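J.: The structure's right below; bear with me while I get my questions together.
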């Protein structure tokens with residue numbers, strides 16, 4: 001008689017492979033012009049992504065798409081969600097075969113959580129990189145304005161020379177300005193995407209200068225000096241709190257990581273924790289304490305300027 005656990009694991013693997021093939025295997029097909037089957041593949045993939053994207057927007061609006069834009073990803077919200085679902089199915093099926101139903105449940109919980117954490121981490125890294133580039137951006141912009149170029153011309157000239165993410169964002173602003181969008185509105189959206197208080201000051205200064213007139217290059221030079229001083233203080237604070245932040249990450253990841261390792265290596269050892277009522281209660285209490293402690297440690301090591 002076939003083991004139900006093995007049968008369920010195989011079914012999950014096949015489902016994951018199907019989703020992954022529909023979403024992540026464009027390199028396996030030929031060009032749409034040379035093959036009718038490739039066109040059918042593209043249509044099926046597009047319908048799947050479109051339906052998933054519409055479902056996400058219907059349930060939660062465009063918040064996920066905004067997060068993906070902040071991270072610099074070119075994926076649509078439906079593509080990202082299908083990728084997370086496929087990864088959860090693959091790892092969950094492997095956990096079902098090797099560790100049983102508890103490991104499958106843990107995988108199906110932790111994979112989306114880790115994917116969400118990585119997305120937020122990518123956004124944070126990108127915003128920090130933009131903050132580090134901002135003083136050089138203002139210096140170049142001020143020099144370009146002093147040479148006689150207008151603000152849109154200066155931005156268009158700087159965009160190809162700036163590294164990501166500043167270069168990517170400036171190119172987006174340039175494209176939006178060329179198709180008729182107001183430059184100040186594009187700058188405000190850029191400040192919101194980067195969650196940058198410093199750049200918000202820059203946008204306000206440019207907006208006031210547009211209304212009242214004056215030498216914008218002088219204003220930008222003064223903002224440049226102020227932002228450089230703020231960045232020095234922020235760098236010193238990050239260096240002083242680095243040990244606390246790393247300790248918090250290690251302490252938060254160690255208990256679930258150790259539990260998963262023991263479950264994979266010796267499932268019988270962890271079985272009472274999932275079958276005994278006292279063991280289940282202990283897991284709930286430990287999980288609650290872990291979440292509260294992780295939030296507490298992260299808040300203690302985070303400063304805003």
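J.: Computed FRET efficiency, Cβ-Cβ of residue 197 and residue 114, R0 45 Å: what is it to the nearest 0.05?
T.: Calculated transfer efficiency: 0.95.
J.: On average, how much area does the Cα convex hull of the stretch 83-133 cover when viewed from any direction, in nm²? All intermediate terms of the calculation are to be shown ahead of the outcome.
T.: Details: hull surface 14.9 nm².
Over every viewing direction, the Cα hull of the stretch 83-133 projects on average to 3.7 nm².
J.: If packing is taken as the mean number of other Cβ atoms within 10 Å per residue, what is the order of 46-52, 68-74, 275-281, highest first? It would help to have the intermediate numbers written out before the result.
T.: Numbers: 46-52: 14.3, 68-74: 17.1, 275-281: 10.7.
Order by mean packing, descending: 68-74, 46-52, 275-281.
J.: Can you classify the stretch 66-171 as rounded, prolate or oblate using the Cα gyration tensor, where a ≥ b ≥ c are the square roots of its eigenvalues, rounded means a/c under 1.5, and otherwise it's prolate if a/b beats b/c and oblate if not?
T.: On the way: a/c = 5.77, a/b = 3.65, b/c = 1.58.
The shape class here is prolate.
J.: For the stretch 183-286, max minus min Cα coordinate along each principal axis, in Å, sorted largest first?
T.: Extents along the principal axes, in whole Å: 75, 31, 22.
J.: Another one. For the stretch 48-123 and the stretch 243-305, write down the distance between their C-alpha centroids in whole Å.
T.: 21
J.: Next up: Expressed in nm², what is the orientationally averaged projection area of the convex hull enclosing the Cα positions of the stretch 128-236?
T.: Values: hull surface 25.2 nm².
Computed as one quarter of the Cα hull surface, the answer is 6.3 nm².
Taken together, the values in this text are just the output of simple stated rules run on the coordinates, not laboratory data. Predicted, not measured: the structure shown is a model, and the values here were computed from it. Quick reminder, even Gly has a Cβ in these numbers, built from the backbone with ideal geometry, and neighbours come from all protein chains shown.
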